[in-house]
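Contents: one structure, followed by commentary.
The values are calculated or read from the model by the stated rules, or taken from the named source; none is laboratory data. Keep in mind the model is a prediction, meaning the values are calculated, not measured. No Cβ is skipped: glycine too gets one built from the backbone with ideal geometry, and neighbour counts run over all protein chains shown.
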Amino acid sequence: MSISAMFFYALSAAVLVSAVLSVTSRNIFRSAIFLLFSLISIAGIYFWMNYEFIAAVQTIVYVGGIVVLIIFSIFLTQQAGVSLPAPMKGRMIYAALASIAGFVLVVMQLLAHPFKVDNSVVASRGIKDIGHGLLETGANGYVLPFELVSILLLAAMIGCIVIALKPNSTTA
Amino acid sequence: MLSIAGIANSIHQWLNETFSSGWATLLEFVLVGILVISFFAFLGLVLVFMERKVSAYMQLRVGPNRVGYKGLAQTLADTIKLVVKEGLTPDGADKFLFNFAPFLVLIASMLLMAPIAFAKDFQIWDINIGVLYITAISSISVIGVLMAGWSSNNKYSLLGAMRSGAQIVSYELSAGLAIMTIVILAGSIRLSDIIASQENGWWIFKGHIPAIIAFVIYIIAVTAETNRAPFDLAEAESELTAGFHTEYSGMKFALFFLSEYVNIFIVCAIGATLFLGGWMPLHIGHWEGFNHIMDFIPSSLWFMGKTFFLIFLIMWFRWTFPRLRIDQLLNLEWKYLLPISLFNLLLVTFIALMGWYF
Amino acid sequence: MNEVPLSHFLILSTALFFIGVFGFLSRRNLVTILMSLELILNSVNINFIAFNQYLWPGKMDGLFFTLFIIAIAAAEAAVAIAIILHLYRHYRSIDAEDVDTLRF
Amino acid sequence: MNMFTQAVWIPLLPFLSFLLLGFFGKYLKGTTAGWLATVFLLGAAAISFNIAYEYFFLFGKDANGVYQTIVPLKMTWLQFAGGLSIDMGLLIDPIAVMMLVVVTFISLMVHLYSLGYMKGEERFSTYYAYLGLFTFSMLGLVLSVNLFQIYIFWELVGVSSFLLIGFYFDRASAIAAAKKAFIVTRFADLGFLIGILVLSSAAGTLDFQTLIQRLTDSTGEGLHTATATGFLGVSALTWGLLLIFMGGAGKSAMFPLHIWLPDAMEGPTPVSALIHAATMVVAGVYLVARLFGIFAFSAPGAMEVVAWVGAISSLFAAVIACTQTDIKRVLAYSTMSQIGYMMFALGVSGGSGEAVDGFTAANFHLFTHAMFKALLFLGAGMVIHAVHSNELKDMGGLRKQLPVTHLTFLIACLAIAGVPPFAGFFSKEAILHAAHLTHPAIYWIGIITAALTAFYMFRLYFGIFHGATSSHHGDSHHHGHEGDFFQKLPLILLGVASMTAGFIPFGNFVSFSGRPVELHTDLAFSILPVSLSLVGILIAAWFYRKPSEMPDKVAGFFGSVFTAARQKFYIDEIYLFITRKIIFKLIAAPAAWFDRSIIDGTVNTFGVAAQTGSESISDLQTGKVQSYAAWFVGATLLLIIVFIYFIH
């Protein structure tokens, strides 16, 4: 096994271990930090696959945006030093069983399916190519989804402000 | 060829000849790590000393002058004091996170060293998404701050962390938009390309109005992002004792302290790279003679000179402006800097499209 | 990187997905549920990138889809957190078990 | 014929005024809204007069000197399969042009008059907006090129009439009257719609020209199928025409669908003048005239019905009019009577030759009647304003106080009574002449009606302007004004029209064939009706000029007949009896029971079953997101397993 492959397995292990810790930790802040590790490791996997742009976007959006948001919401809603209530036993067992069953099922299907791996050309995925692809109007262009996502983000922003706005004290 | 790039290349060659490529890469990693850590230590010493001397100069004092020649060993002594001090961990703290936070901040700073070009052809990693990488990694350090504030289990720490988090997240926007200005002018986000585009003039001159606006915004934003005065609300002594690192002491405090100064260095290095041409010497038009003389000054000196000039500027601010209130701070960003940056981005796009830059 | 077969990526993403599902079902705090959701979304992203890399290396569609998913995830997280904060203001709790007025 | 496309502006201008005032009217102060609407209408009237001039004198005739039917604008609105389409367009022919002139002129007069009459009303601009809507609808109706278009505008006319009758919606009686008018005409329009379907399915077209051509061509296939099929021994064509005539009778208040018209007098008086005297109520006449060819040549049976309905209505209404004391109601019944005149004039003029002159006569009477009836209503409005009452007993001796009104009212009365040389004389003579040729019975009914008309009109005239000054007279000096100039101007203009309209050589312009016809004015023939009218006038003068016992004596002499007439022959009561006692009790109540217990019961049983069932499983719905998710995940896994391992 080459060192390069070892990197991948190390990163995968980091992803999975921190993900498991994230969903099982009783300390909510630790949960968030493990989620952060998991996300950064995923960004590492993208880096390892030479998808630098996606890796950077993953880091900026997830680490700089979503995890910070989550941490802020933890700050606003939780007490430091208080651990979360234990999950319900029955549901925990059900969830574990369902997850394992699903995992086994999907992996069985995965291994049975012959993927036709294409080793031919690797498109150049520089930042310019991505930019052109995103704003292309032709057959393979993504300008419409791009615009849609822009509007979605705007709508989400306005929606967040409206939802989270403190109700007016005179009317509430 | 006795240049930094030459030395680096010969080491790389030797490693690749001696070991298999995988191990050579690993060894290079280790080597670079050691180099960066020692550079950190050196930077910490220099910058702390510089800060003291600059503030003394600003206040017409002498500053440290007893330990060593003209006080040069003062910071070394301080470091020794911090290292031997007992590192306390508060009782109710989340030990793991409490101990991990300063390292996270420091790791983020270290990662940011990767794409910086210290001299001609000398870069740890000329990554093709350079500017994006910087933006991405710099957002990690805010998590370290939040982590420190939460795990201390202290309300002042928590408040400091929240203020700091809000501040960093907000000012990241303006800094990012200011960087985008140069990206538009240079047409690339790879740092080496950006530097190469400044061969015949730095962007702050070539890009005139929008570049200058972007530069000013960038300096303001990074001052806030590094929690420097006048934006040092996260550790405002009069309000929050010491902000998110109230509970830290000894070596862990030293790491926060160190990462703060390293961050200042990094943002100034990036500012110098983007606006002041990185290691590029100062060239003026067709003054061949002048340009030739400038070329004789080593590129690493150019880079360090520009960076330290910016560091001096930021230190200067500290003794010039009074501290802002938190609402003033956020108002400044959201109501003034951000709209101006957005408008500036529009302006620079227009100028770039029309080719109205040199 | 060709020494890592595609199926390993897929197993990684599947595992991540079901970890997310497990978290989604077992956690009670809305914020942690949201975190599990992010894991699920990320597992999908890994799939997209892996398929793009292995099956259609000449194209970038997987990359674009990942980008859009990330953008939508950001919007989703923001809205979700706004809702969580609002719920907290209303119920003084963000336990999913306490928020059950949707029934009516 | 592009010069006639300007006709499109005639309906559009009032519509624009409706839109403007409807949306922005409430921002206009004082009478601005009225002036605006009046200016718009002035434009419309100017265009119609221009078109009338161009059509009748310059371009309307073809090479043979026959007035042609021109369709200057036509566009497909709804395209159905099989070449059937619903078009929108403009149709210009002699009666349409004549109607354009009448409608725009009367509407303009009413607009002008209302400026003073409605001044100070709270919903002044709304009133003008409604007037605009009405005028638009009426003009659209007149210009329609096909049956469907006419139906659309027909209903619009009904709606605007409803709005205007119910204008004072704070009065219970106005609301009731508006509803009554709407429901009765709507009921009649149901027949109209079915008639349209019958006719159009027979002819395979909706377009007037093609329709008439196909259904009058004795060799054509359309006529053949229409007459071959039948129901109850009457051919489909006759049924279709009768149903269409039912719509016309509803709008024109023909017996027995007339009951809404007297009540419609609850609306503002200028509205009565416009809608319920001069324009909308003649829509039925217009409709029959429009389809006259089919009536006359293909369905003489239907024609007979038209004639008799018209004749009965005219006599019936005249008798009632003699007994009413509300002046507006008298005028309403007189309107009904005069429209009955027009109807039977059309009805008697089937066949060909000179008999067809009834067509011209009916239209002539329509024209002249519009003038003097609008005048009568506007005059009545003046009187009502002066004494603040509709009742005849509150009036008397007003001729000094309202000189202009008095004079013009007198002219109108003389006109309607058929005294030469006023307008009514000529048109009425033409009608009677047409009836005399074919239907002697109807001719005699017409003669009697004419005498009665003269009597009740002069009863009204003497009752209002002569006789004892009423109790009201004392304080009427306070508001003893006669309105401003713009209120008097329409009276004077209409008075002039009522005097002179009869001298228009109407036959030159409007006739069925398009060729000029000479209307019959024979001195010998005229002696009987004119002298009867004069007798009616004299009796009225004898009875009412001075207070006398005679009316009561005569009323006593007629006894129960008088009471019955006074109660409008109990038609309203009969309707109520039929609807309440028979339809509601015997049909609707059992139907409602069936609906409630059997149909609703069945549905409710399902509902209750579903409710019980869902309540029993509603515990599944906990409101807890995660339990949903758990079910969802489990079920998805199960489905995947089933599909992969058991089905695939």
Legend entry - Some residue of region C:50-66 being of a type in the set (S, T, N, Q) and either more than 7 Å from chain A (Cβ to nearest Cβ) or over 24 Å from A:Ser12 (Cα atoms) (or both): yes
Inset, instruction - Give D:Leu13, D:Leu90 a once-over and let me know the one that is buried (at least 19 other Cβ atoms within 10 Å of the Cβ) and not in a helix (DSSP H, G or I). - result: D:Leu90
Inset, instruction - For region C:26-53, enumerate the residues that are among the small types (Gly, Ala, Ser) and either free of Cβ contacts under 8 Å to residues at least 12 places away in the same chain or under 12 Å from A:Ser22 (Cα atoms) (or both). - result: C:Ser26, C:Ser36
Inset, instruction - Consider only pairs whose beta carbons are under 6 Å apart and that are at least six residues apart or on different chains; among these, list those whose first residue lies in region D:107-123 and is within 19 Å of D:Phe372 (Cα to Cα) and whose second residue is surrounded by fewer than 16 Cβ atoms within 10 Å (Cβ to Cβ). - result: none
Inset, instruction - Report, ordered by the first and then the second residue, all pairs with beta carbons closer than 8 Å, sequence separation of six or more or different chains, a first member in region D:1-20 that is basic (Lys, Arg), and a second member that is buried (at least 16 other Cβ atoms within 10 Å of the Cβ). - result: none
Legend entry - All positions within region C:3-29 that are more than 7 Å from chain A (Cβ to nearest Cβ) and in a loop (DSSP other than H, G, I, E, B): C:Pro5
Legend entry - Those residues of region D:310-331 which are crowded, with 24+ Cβ neighbours inside 10 Å and among the β-branched types (Val, Ile, Thr), in sequence order: D:Ile320, D:Ile327, D:Val330
Inset, instruction - Tell me which of these B:Tyr171 doesn't satisfy, since it passes every other one: (1) under 23 Å from A:Phe47 (Cα atoms); (2) away from every other protein chain (no Cβ under 12 Å). - result: (1)
Inset, instruction - State all residues of region A:18-32 that are more than 7 Å from chain C (Cβ to nearest Cβ) and modelled with pLDDT of 90 or more; if no residue qualifies, say none. - result: A:Ser18, A:Leu21
Legend entry - Those helices (runs of 4 or more DSSP H) lying entirely in region D:536-643 with at least 2 residues of a type in the set (D, E, K, R): D:550-558, D:571-576, D:600-617
Inset, instruction - Kindly indicate whether any position in region D:582-589 is modelled with pLDDT of 80 or more, farther than 30 Å from C:Val31 by Cβ and surrounded by fewer than 13 Cβ atoms within 10 Å (Cβ to Cβ). - result: yes
Legend entry - Qualifying positions in region B:138-150 - in contact with a Leu (Cβ under 7 Å, 6 or more places away or on another chain) and more than 7 Å from chain A (Cβ to nearest Cβ): B:Ser138, B:Gly144, B:Gly149
Legend entry - Qualifying residues in region A:1-17 (those that are at the interface with chain C (Cβ under 7 Å from one of its Cβ atoms) and in a helix (DSSP H, G or I)) - the one surrounded by the most Cβ atoms within 10 Å (Cβ to Cβ): A:Val15
Inset, instruction - List every residue pair whose Cβ atoms sit under 9 Å apart, with the two residues 6 or more apart in sequence or on different chains, where the first one lies in region A:34-59 and is away from chain B (no Cβ under 11 Å) and the second, anywhere, is outside any helix (DSSP H, G or I). - result: A:Ile45/A:Tyr51; A:Trp48/C:Met1; A:Met49/C:Met1
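Residue-wise test of (1) in contact with a strand residue (DSSP E or B) (Cβ under 8 Å, 6 or more places away or on another chain); (2) modelled with pLDDT under 80; (3) among the charged types (D, E, K, R).
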| site | (1), (2), (3) |
| --- | --- |
| D:Ala451 | no, no, no |
| D:Gly480 | no, yes, no |
| D:Lys488 | no, no, yes |
| D:Ile492 | no, no, no |
| D:Phe509 | yes, yes, no |
| D:Val517 | no, yes, no |
Inset, instruction - Name the residue, out of D:Leu215, D:Leu211, D:Leu190, that is assigned to a helix (DSSP H, G or I), out of contact with any Pro (no Cβ under 7 Å at 6 or more places or on another chain) and either free of Cβ contacts under 8 Å to residues at least 60 places away in the same chain or not hydrophobic (A, V, I, L, M, F, W, C) (or both). - result: D:Leu190
Inset, instruction - Taking the residues in region B:257-298 that are of a type in the set (Asp, Glu) and farther than 16 Å from B:Ala119 by Cβ as candidates, determine which candidate is surrounded by the fewest Cβ atoms within 10 Å (Cβ to Cβ). - result: B:Glu288
Legend entry - Scope region A:112-127; condition outside any loop (DSSP other than H, G, I, E, B) and either within 7 Å of chain C (Cβ to nearest Cβ) or out of contact with any Asp or Glu (no Cβ under 9 Å at 6 or more places or on another chain) (or both); matching residues: A:Ala112
Inset, instruction - Scan (1) hydrophobic (A, V, I, L, M, F, W, C); (2) assigned to a helix (DSSP H, G or I); (3) surrounded by fewer than 19 Cβ atoms within 10 Å (Cβ to Cβ) for the single condition C:Ala82 breaks and write down its number. - result: (3)
Inset, instruction - Scan region A:135-143 and give yes if some residue there is touching a Lys or Arg at 6+ places or on another chain (Cβ under 8 Å), hydroxyl-bearing (Ser, Thr, Tyr), more than 9 Å from every other protein chain (Cβ to nearest Cβ) and loosely packed, with under 15 Cβ neighbours inside 10 Å, otherwise no. - result: no
Inset, instruction - Scan (1) in contact with a Pro (Cβ under 9 Å, 6 or more places away or on another chain); (2) of a type in the set (A, V, I, L, M, F, W, C); (3) surrounded by fewer than 24 Cβ atoms within 10 Å (Cβ to Cβ); (4) closer than 23 Å to D:Gly463 by Cβ for the single condition D:Ile447 breaks and write down its number. - result: (4)
Legend entry - Unmet requirement for A:Ala101, which otherwise passes all of (1) farther than 30 Å from D:Ile640 by Cα; (2) surrounded by 14 or more Cβ atoms within 10 Å (Cβ to Cβ): (1)
Inset, instruction - Only helices (runs of 4 or more DSSP H) wholly contained in region B:14-121 count here; list those with 3 or more residues that are among the aromatic types (Phe, Trp, Tyr). - result: B:21-58, B:95-113
Legend entry - Residue identified as within 14 Å of chain B (Cβ to nearest Cβ), touching a residue at least 40 places away in the same chain (Cβ under 8 Å) and assigned to a helix (DSSP H, G or I) among A:Ile130, A:Ile66: A:Ile130
Inset, instruction - Among the candidates B:Pro90, B:Pro115, single out the residue that is within 12 Å of another protein chain (Cβ to nearest Cβ), within 26 Å of B:Leu191 (Cβ to Cβ) and either surrounded by 18 or more Cβ atoms within 10 Å (Cβ to Cβ) or at pLDDT below 85 (or both). - result: B:Pro115
Inset, instruction - Given the conditions (1) assigned to a loop (DSSP other than H, G, I, E, B); (2) at the interface with chain C (Cβ under 9 Å from one of its Cβ atoms), report the number of the one that A:Gln79 does not fulfil. - result: (2)
Inset, instruction - Tell me, please, whether a residue that is among the aliphatic types (A, V, I, L, M), within 19 Å of B:Ala117 (Cα to Cα) and not in a helix (DSSP H, G or I) can be found in region B:306-323. - result: no
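Per-residue answers, yes or no, for (1) in contact (Cβ under 8 Å) with a residue 60 or more places away in the chain; (2) within 30 Å of A:Ser25 (Cβ to Cβ); (3) polar (S, T, N, Q):
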site: B:Ile4; (1), (2), (3): yes, no, no
site: B:Leu35; (1), (2), (3): no, no, no
site: B:Gln59; (1), (2), (3): yes, no, yes
site: B:Asn65; (1), (2), (3): no, no, yes
site: B:Ile80; (1), (2), (3): no, no, no
site: B:Glu86; (1), (2), (3): yes, yes, no
site: B:Gly92; (1), (2), (3): yes, yes, no
site: B:Asn99; (1), (2), (3): yes, yes, yes
site: B:Phe103; (1), (2), (3): yes, yes, no
